[in-house]
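Take a look at the structure below.
The values are calculated or read from the model by the stated rules, or taken from the named source; none is laboratory data. These numbers were taken from a predicted model, which means no experiment stands behind them. Cβ placement follows ideal geometry from the backbone for every residue including glycine, while neighbour counts extend to all protein chains displayed. The protein model used for the area step is the full one, side chains on, heavy atoms only, and it has no ligands, DNA or RNA in it. Shrake-Rupley method; radii C 1.70, N 1.55, O 1.52, S 1.80 Å.
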Amino acid sequence: MESFKDFGRSAQRRHERSERGRRRSPDESTGAEAEYLRSLVDSRNEVTVVLESGERLAGRVRYYDREFLSIKLADRGLNVLLKKSSVLSISEE
């Protein structure tokens, strides 16, 4: 049976192996995603954001960073902070 200390070491090795071969997404390395989101913030155009859950949100992109984006909802006037990993697509109206 594996001791707790040995379990921790083997988990650390698995993590290091998985990170070793990890590549950055093309959007991160080219800056295309940031450029597109910056253009949406600057233009203040209405967008539709489709989430993994299938929910659609209409509004304007107010802010973004590496992990999140903020949308001001058109119909409710609320600001919503979304994790980028939960977003399937963004389309301009």
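To the nearest 10 square angstrom, what accessible area does Val49 show with a 1.4 Å probe?
0 Å²
So what J values fall out for segment 51-65 if you push phi through Karplus, 6.51 cos²θ - 1.76 cosθ + 1.60 with θ = phi - 60°, rounded to Hz, Gly and Pro as x?
8, 4, 6, x, 5, 10, 10, 10, x, 10, 6, 9, 7, 8, 8
Hey, if we sort Thr30, Thr48 by accessible area with the 1.4 Å probe, largest down, what's the order?
The ranking, largest first, comes out as Thr30, Thr48.
What does a probe at Val50 reach in segment 60-93, counting residues whose amide N is under 14 Å from the point 7 Å along Cα→Cβ?
87-93
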